1. Kindly provide the set of residues from region 217-245 that are farther than 25 Å from Asn161 by Cα, in a helix (DSSP H, G or I) and not acidic (Asp, Glu), ordered by number.
2. So, in region 159-179, how many residues would count as being free of Cβ contacts under 8 Å to residues at least 24 places away in the same chain and part of a helix (DSSP H, G or I)?
3. Specify the residue that is modelled with the highest pLDDT; the eligible residues are those in region 191-230 that are surrounded by 14 or more Cβ atoms within 10 Å (Cβ to Cβ) and of a type in the set (S, T, N, Q).
4. Among (1) at pLDDT below 80; (2) more than 27 Å from the chain's Cα centre (by Cα); (3) part of a helix (DSSP H, G or I), where does Ala95 come up short?
5. When the residues of region 173-190 are filtered to those that are of a type in the set (A, V, I, L, M, F, W, C) and in contact with a helix residue (DSSP H, G or I) (Cβ under 8 Å, 6 or more places away or on another chain), which remaining residue is surrounded by the most Cβ atoms within 10 Å (Cβ to Cβ)?
6. Give the residues of region 15-58 that are at pLDDT below 75 and not in a helix (DSSP H, G or I), sorted by residue number.
Amino acid sequence: MLQVLRPGYVARKQAPTRRPIAGPMLTGMHGITAERVMAMLTLWCQRRKAVLVLDAWENVSHHHIVKLMAIIGDKAVFLDSMYCGDECQDAEGQAQLLQEKLVNYGGLTNFNAVGSDNAAACLEMRRRVTANNPGLVSLNDQAHVAKLLLGDLCKISWLKNVVQTDVTVSAYVRNHQGLLAAYSLEKVASNKGLSSESAGATQTAVAYVTPGATRFLCTRDLVLACVRNRPAQRSLLERNNGTELPRLVKARDQAARESQAAFLRIAESATDARDWAALCQLLDPL
C-alpha cells in the first residue's frame with residue numbers, strides 16, 4: 001500500500017517495518033484486553049467465586065511456563081501466563097509468582113479454589129499457595145488427568161489403530177458433501193426404525209463430531225460415533241445394490257482409496273466393531 005500511495009517514502013527507506021508497528025499495537029491490545037478481562041471477572045464473581053486453574057506448558061523455546069485460567073460456572077477465561085525460568089526455577093519462586101498473580105486478579109475476593117493436574121510443578125505451587133491462603137480449596141483437575149491417561153491408553157497399538165481409523169472415517173464423511181448428505185438421510189431413516197429407548201442407550205446413529213470439538217472427550221466421541229453409525233453406514237452401502245457409495249465419492253488417489261476402505265471396514269467388519277465397542281467401554285469412565 002505504501003509503495004502505491006507514497007513511493008518516495010518507500011524509496012528513501014523511511015517506511016517502518018512490521019516489528020516496530022506490531023510491538024506498540026500488541027502492547028496496547030494486551031492492555032485493553034486485560035482491562036476487559038478484569039471487568040468481566042469482577043462482574044461474574046459478584047454472586048459466585050471462580051476456580052483458578054493451573055496448566056504447565058513449554059513454550060517454543062522449551063522454557064517452562066504455567067498458564068492461568070479462571071473457571072466461573074460454565075465460563076472459562078484465560079488470565080495470564082507465568083514464565084518460570086531463571087530465578088524462579090525452584091518451587092518457592094514459582095509459588096511466589098503464583099501468589100502475586102492471584103493478588104493481581106482479586107485474590108480471595110474472586111477465587112475460592114485453585115486446581116491443577118498432577119504435574120509436579122503445579123502440585124507444589126498449589127500446595128504452597130493454599131497453605132498461604134487458608135480460604136483457598138485445593139482441587140485436582142480431573143479433566144487434565146483424564147487427558148493424560150487417555151494419551152497413555154492410545155499409545156497401545158490396537159487402540160491407536162482403532163482411533164486412527166475413526167479419525168479417517170470421520171474426515172472422509174465430513175469432507176464429501178454428497179456422502180455426508182446421503183449419510184444424514186440414512187441416519188434419520190435408520191433411527192426411525194429403532195425403539196424409543198435406543199437414544200437413551202446410545203444406540204442411535206449420530207452426526208460425526210469434528211476433531212477438537214471437545215478438548216478431552218473428542219477421541220471417545222469419535223469412537224462412539226463410529227460404533228453407533230455402523231448400521232446406518234451398512235444400509236447406505238447396500239443401497240442400490242452397492243452402487244451408491246462409488247457414485248457419491250470417486251476415489252482418485254491412494255489416500256482416498258484408503259479412506260474409503262476404512263469406511264467399508266467400519267460398516268462390514270464384525271471384528272472391528274467389537275474393537276470399537278471394547279474401546280468405548282475403556283474410555284467411557286474418562
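1. Once the filter is applied, which keeps residues that are farther than 25 Å from Asn161 by Cα, in a helix (DSSP H, G or I) and not acidic (Asp, Glu), region 217-245 yields Arg239, Asn240, Asn241, Gly242.
2. 4
3. Asn191
4. The one condition Ala95 does not meet is (1).
5. By that ranking, first place goes to Val173.
6. Scanning region 15-58 gives Ala15, Pro16, Thr17.
This table checks each residue for (1) within 17 Å of Asn104 (Cα to Cα); (2) surrounded by fewer than 16 Cβ atoms within 10 Å (Cβ to Cβ).
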residue: His30; (1), (2): yes, yes
residue: Glu35; (1), (2): yes, yes
residue: Met40; (1), (2): yes, yes
residue: Arg47; (1), (2): no, yes
residue: Val51; (1), (2): yes, no
residue: Trp57; (1), (2): no, yes
residue: His62; (1), (2): no, yes
residue: Lys75; (1), (2): no, yes
residue: Cys84; (1), (2): no, no
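Every residue, every condition in (1) more than 20 Å from Val137 (Cβ to Cβ); (2) in contact with a helix residue (DSSP H, G or I) (Cβ under 7 Å, 6 or more places away or on another chain); (3) without any contact (Cβ under 8 Å) to a residue 40 or more places away in the chain, yes or no:
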{"site": "Trp44", "(1), (2), (3)": "no, no, yes"}
{"site": "Lys49", "(1), (2), (3)": "no, no, no"}
{"site": "Asn59", "(1), (2), (3)": "yes, no, yes"}
{"site": "Ile65", "(1), (2), (3)": "yes, no, yes"}
{"site": "Ala70", "(1), (2), (3)": "no, yes, no"}
{"site": "Asp80", "(1), (2), (3)": "yes, yes, yes"}
{"site": "Tyr105", "(1), (2), (3)": "no, yes, no"}
{"site": "Asp117", "(1), (2), (3)": "no, yes, no"}
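The values are calculated or read from the model by the stated rules, or taken from the named source; none is laboratory data. Quantities reported herein were computed from a predicted structural model and do not represent experimental measurements. Please note: Cβ atoms are built from the backbone with ideal geometry, for glycine as well, and neighbour counts cover all protein chains shown.
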